[in-house]
Amino acid sequence: MIKNKHYFVADTHLGVPNYEASLVREKKLVRFLLEAEKDAKVIYLLGDIFDFWHEYKYVVPKYYVRLLGTLASIVDRGTPVHFFTGNHDQWIRDYFQKEIGMIVHTKEYEITIDGKNFFLAHGDGFDLTDKKYLFMKRLFGSKIIRIMFASIHPRWAIAFGNAWSKSSRKSHSEYDLIDKGEEELQFKYCNEILKTKDIDYFILGHRHLNKEYILEKEKKLIILSDWINESGYALWCGEDLKLKSFE
């Protein structure tokens, strides 16, 4: 089979709401990845794959063995996997690169695929008026804060991180999750980028919308859904970018 397709998925939020439900979702994600591998040239994981991730120099969370093993096998068999850090799983060191072989991105990434220009990112931090969120994002990205957090025993640090992550998700109001149309911040942000850059396709996560927008200059934005509700993904097959759902 010709491997010429590109797959994009985000916001699987493994770890919530509990172990049992997360395990079902993890197995579904593994099935998706194994299906995608058959004809995938590249697979992109666009952030918040884990609801919380923190790794120490010698310690990583004990869960997700099915997913991590599958990803390592896919990479070993020759299919590149790109991992983007999201706001829930940004505290990585080098485990994904060294042990799994994934290509890790900590910020937006622009790439040309089959002659088309793509802008890929998790999608958080685009609201420049949200000073509180931007401050917290910079704070959690601080090397000093990461060193301090890593000094806490994993038994307590990971438990605290999981609790904080769940609380962070619950703090979002129902209004935050509503499609705001052309008032959508990611929609506005991408249109701003188009003023200075020639981007054909934007693919983002974070907002959990499972929505396709037509931007200025007939460019396209896709915001992927989370896998708690819809299991959305985007597929580029060489001619068009399509938004799909995995059953």
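Would you order ASP76, ASP124 from fewest to most other beta-carbon atoms within 10 Å of each residue's own beta-carbon?
Ordered from fewest to most neighbouring Cβ atoms within 10 Å, ASP76, ASP124 come out as ASP76, ASP124.
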Highest mean first, what order results for 65-71, 82-88 on Cβ atoms within 10 Å? 82-88, 65-71
Could you list, in their original order, any pairs among LYS5/LYS28; LYS143/LYS195; LYS143/LYS220 whose Cα atoms are separated by more than 24 Å? LYS143/LYS195; LYS143/LYS220
So what are the ³J(HN,Hα) numbers for the range 43-55, from phi and the Karplus equation (6.51, -1.76, 1.60; θ = phi - 60°), rounded to whole Hz, Gly and Pro as x? 10, 10, 9, 9, x, 6, 5, 10, 5, 8, 9, 8, 10
Could you let me know the centre-to-centre spacing of the range 82-120 and the range 1-56, using Cα atoms, in angstrom? 13 Å
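Read-outs throughout are calculated quantities, based only on the coordinates presented, and are distinct from any laboratory measurement. Keep in mind it's a predicted model, so treat the numbers as computed, not measured. A quick note on method: Cβ atoms are made from the backbone with ideal geometry, for glycine too, and the neighbour counts reach across all protein chains shown.
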